[in-house]
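Note sheet for the following structure.
The values are calculated or read from the model by the stated rules, or taken from the named source; none is laboratory data. A quick note: this is a predicted structure, and the numbers were derived from the prediction, not measured. In this analysis, Cβ positions are derived from the backbone assuming ideal geometry, glycine residues included, and neighbour counts consider all displayed protein chains.
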């Protein structure tokens, strides 16, 4: 069975300007900095693969600033890594209400839809993310994976090649291309996969 990789999008450094609505929140400045510090701890835990600790810290940050969009996006990705896809979608939908054009939120949501087997919807969401951030390598990989899940191997190759154009050594993009070529070869009864993809 094809293995799907969920890409975790987490920003390490955070500027107050990146938090939509933060300036409108009537909170003492110290609380904002505490929430950001907790978010950064959550990011560190997530990068280290300790998703339970990451979830705990991101929840603490969100208890201080409930409309902390980047923290909501991170929470959605962490929940996905923990296999809690339904809850991840709810959190990402809350983030989308706060920042509907955030490409990282959209890319994370698309990854969750892949895990849920909603491949066409994942494609629609990832295309929206790419409309806002056409240089997001992870989004191109997700797009390729969604095409592959739908049996659209030429499109998977094209999306993965775009990811490689942006990041020439990306192992996930290379893996997607190899998978697509293998599937094309299987369906072409032993023909050369490149020839079969041109037919």
Residue 127 vs (1) under 14 Å from the mean Cα position of the chain (by Cα); (2) farther than 18 Å from residue 165 by Cα; (3) surrounded by fewer than 16 Cβ atoms within 10 Å (Cβ to Cβ): all pass except (2)
Quick count over the stretch 65-84, residues being without any contact (Cβ under 8 Å) to a residue 40 or more places away in the chain and either crowded, with 20+ Cβ neighbours inside 10 Å or in contact with a strand residue (DSSP E or B) (Cβ under 8 Å, 6 or more places away or on another chain) (or both), is 5
Evaluation of residue 95 against (1) within 23 Å of residue 83 (Cα to Cα); (2) buried (at least 18 other Cβ atoms within 10 Å of the Cβ); (3) not assigned by TED's automatic domain parsing to the domain that holds residue 68 (one fails), failing number
(3)
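Tell me which residues, restricted to the stretch 90-122, are without any contact (Cβ under 8 Å) to a residue 60 or more places away in the chain, assigned to a helix (DSSP H, G or I) and under 12 Å from the mean Cα position of the chain (by Cα).
Hits for the stretch 90-122 are 92, 103, 105, 106, 109, 110, 113, 122.
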Has the stretch 123-140 got any residue that is closer than 17 Å to residue 72 by Cβ and out of contact with any helix residue (DSSP H, G or I) (no Cβ under 9 Å at 6 or more places or on another chain)?
no
